[in-house]
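This report concerns only the one structure given below.
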Amino acid sequence: MRQPAALLPRCSVTCPRGSLAAIASLTVCLFLLLAFAVTASYAQSTATGTIVGTVTDASGAVLPEAEVTITNKSTNSSSKTVSNNAGHYIFVNVDPGNYDMRVTKQGFQTAVVQDQVVAVGKSLTEDVKLSVGSVQQEITVETTGTELQTMNATVGNDVRGTLLESLPAVGRDVSTFAVLQPGVSPDGSVAGTQVDQSTFQLDGGQNSSDMDGSQQVYTPSFANDPSGGVVKNQIGAPPTGVMPTPIDSVEEFKVNTANQTADFNSSSGAQVQVVTKRGTNSVHGTVYEYYLDNNFNANTWDNNLSGTPLPSFHYSRFGAALGGPVIPKEILGGKTYLFGNYEGFRWPNSVTQERVVPTAAMEAGILTVNGTQYDLKTLDPRGIGIDPVVQQLWTKFEPKPNDPTCGALLSKYCDTVNTQGFKTNVAIPQKSNFGVVRLDHDFGSRMHFNSSYRYYHLTRATADQIDIGGFFPGDTLGTGSSISNRPQVPWFFVAGLTTNITSNTTNDFHYSYLRNYWQWGTS
């Protein structure tokens, strides 16, 4: 509950000293002081905005008891307040969107301010002058200075609407836009802080990774590469939160990089705020698919030398989103709105891998040292030579080399005479399913409820360990097969209830739960 000090009564508390009872009393006093200290500041939720202003007459004198009403243009839901003795009014915890505002007072004409944009984490200043006349008379007021942030000095930018959909985003995830802000380096470091010092919030809930803070170390970032975040630790990839944030599910995206207000106290880096789309009075939705295929691309020179075909790289990202009213009539004081988005990702990817294997001569027990061949049978006083168990393992589980040069990365592990390289394409398929549902309900003009739930399931094979010898069931000698997997199955839930108790008292309750599930499955 945070309001301007001008709207709150003053109080004084005397705190006793000494004895256990005094300590207990002191604790209560500190709690009360902190409570009043909090109420003496402006409200600034991490998923909403604020509208403030002053109502005056034509001469500039303040007008108390003027009724101010804001109406969300997409849902027609309204909120009301009145100006105080100093003519000030404030709306806190206002959902992002476009609003119309009406200011009325007996003896004055009604002033209408149209199509004002409320952005997440920002204050919208609307100073209105009323002219003498009848309340039934309406005049449209053009305000100035609405972009002036008088309540805080936070440095940051928000991306919304057409701009959000038009900017190029890696993996169709809005986290890409974090590095577009001034003061943010390509790897996500902000103003000299470490890359793990950023905080990610979804609908006011915590979406930051509790393991590394950046989603780049133990698990991949969703804004890493064109695959949608399946390449781990890619240089220059921006950090992200635990849950992905596809563009088609997001209403607004904002990054604060410096001078954050009191609502931000989690870390010294950036504050990334993401708000989910909500349903409106009209049904709206999208259906989409993005497909990329490299089968018409040229193969690499190294692969052509060893006869290794071009690895397949085609992938598909597809989904659908739908939002609107659940029931067209009002229930429990207002309407109920629902929005949902599903996005799937399929990538039957394969990559070229190379391993060091023994040559046919080495498998037979013949070694070459400094240009001279040695038969281990003649060197072994017992006449046995190469260990028959090792020879059998090599013959059964080691494919014959197909790259005499062994490649630059493996050159220190093979001498191109006794050992050479074996190249093969390895299938490392990636598959993910994402879903989000948001529910909004207005209990009249004073109470608003919203909640959202996100689910994500990613299965991600890797080339960290591969089987080229057909050792594991289902594998084939000479065909590379991945034997390591990195699944991620996080989910996220948030719910909030904003209540305008009186014209100068607002209560905002928020609850969120994030389950960060990931695993390294390695044979």
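The values are calculated or read from the model by the stated rules, or taken from the named source; none is laboratory data. A quick note: this is a predicted structure, and the numbers were derived from the prediction, not measured. Don't worry about glycine lacking a Cβ; one is built from the backbone with ideal geometry, like all the others, and counts go over all protein chains shown. Side chains included, ligands, DNA and RNA excluded: accessible areas come from the protein's heavy atoms. Shrake-Rupley method; radii C 1.70, N 1.55, O 1.52, S 1.80 Å.
Give me the dipole magnitude in Debye, nearest 20, for region 301-354 about the Cα centre, with unit charges on the beta carbon: positive for Lys and Arg, negative for Asp and Glu. Could you put the intermediate results ahead of the total?
On the way: 4 positive and 4 negative charges, 82 e Å.
Computed charge dipole of region 301-354: roughly 400 debye.
Might you report the magnitude of the Cβ-based charge dipole of region 454-519 about its Cα centre, with Lys and Arg at +1 and Asp and Glu at -1, to the nearest 20 debye?
On the way: 4 positive and 4 negative charges, 38 e Å.
Computed about the Cα centre, the dipole is about 180 debye.
Could you tell me the calculated FRET efficiency between N433 and Q114, based on Cβ-Cβ distance and R0 = 41 angstrom, to the nearest 0.05?
Details: r = 42 Å, r/R0 = 1.02.
Step by step, r from the Cβ atoms, then E = 0.45.
Can you tell me which aspartates and glutamates have their Cα less than 13 Å from the Cα of K431? Leave out same-chain residues fewer than eight positions away.
By straight Cα distance, K431 reaches E343.
Just grab the label-to-label distance for V283 and T479, each label 7 Å out from Cα along the Cβ direction, in nm (one decimal).
Calculated label separation equals 4.7 nm.
If you average the C-alpha positions of region 164-202 and of region 405-453 separately, how far apart do those two centres end up, in angstrom?
Cα centres, region 164-202 to region 405-453: 18 Å.
Percent relative contact order of region 39-127, based on C-alpha pairs within less than 8 angstrom and at least six residues apart?
On the way: 210 pairs, mean separation 33.5, N = 89.
RCO, region 39-127: 38 percent.
Projecting each Cα onto the charge dipole of region 305-443 (Lys/Arg +1, Asp/Glu -1 at the beta carbon, about the Cα centre), which of A361, T424, V389 comes out farthest on the positive side?
T424
Using a basic spin-label model with each label point 7 Å from the Cα along Cα→Cβ, how many nm lie between N297 and D212?
Spacing of the two 7 Å Cα→Cβ label points: 2.4 nm.
Looking at the square roots a ≥ b ≥ c of the eigenvalues of the Cα gyration tensor of region 82-122, which shape do they give, rounded for a/c under 1.5, prolate if a/b is larger than b/c, or oblate? All intermediate terms of the calculation are to be shown ahead of the outcome.
Values: a/c = 3.70, a/b = 1.54, b/c = 2.40.
It comes out oblate by the Cα gyration axes.
Quick check on region 324-408: take the gyration tensor over C-alpha atoms, sort the square-rooted eigenvalues as a ≥ b ≥ c, and tell me if it's rounded (a/c under 1.5), prolate or oblate.
Because a/c hits 1.5 or more and a/b exceeds b/c, region 324-408 counts as prolate.
Quick one: if you stick a label point 7 Å off each Cα along the C-beta vector at S131 and A58, how many nm between them?
In this crude label model, S131 to A58 measures out at 0.7 nm.
What FRET efficiency comes out for the pair A86/N507, r = Cβ-Cβ distance, R0 = 30 Å, nearest 0.05?
On the way: r = 23 Å, r/R0 = 0.77.
It comes to 0.85.
For region 315-380, what is the relative contact order in percent, using Cα pairs closer than 8 Å and at least 6 residues apart in sequence?
Values: 63 pairs, mean separation 17.1, N = 66.
The normalised contact order for region 315-380 reaches 26 percent.
What pairs from K396/K423; K122/K329; K73/K335; K80/K105 go past 22 Å between their alpha carbons? Can you show the working numbers first?
Details: K396/K423 18 Å; K122/K329 32 Å; K73/K335 14 Å; K80/K105 13 Å.
In this structure, K122/K329 lie more than 22 Å apart at Cα.
Once you keep just the Cα pairs under 8 angstrom separated by 6 or more residues, what percentage relative contact order results for region 304-456? Intermediate values should be presented prior to the final figure.
Values: 294 pairs, mean separation 46.8, N = 153.
Normalised by residue count, the contact order of region 304-456 is 31 percent.
At a Förster distance of 22 Å, what's the computed FRET efficiency of Y374 paired with T395, Cβ-Cβ distance as r, to 0.05? Intermediate values should be presented prior to the final figure.
Working: r = 20 Å, r/R0 = 0.92.
Using R0 = 22 Å, I get an efficiency of 0.65.
In whole percent, and with a 1.4 Å probe on the protein chains, what portion of the accessible area of region 243-366 is carbon and sulfur? Intermediate results must be reported in sequence, preceding the final value.
On the way: 3340 of 5560 Å².
For region 243-366, the apolar C and S fraction of the accessible surface comes to 60 percent.
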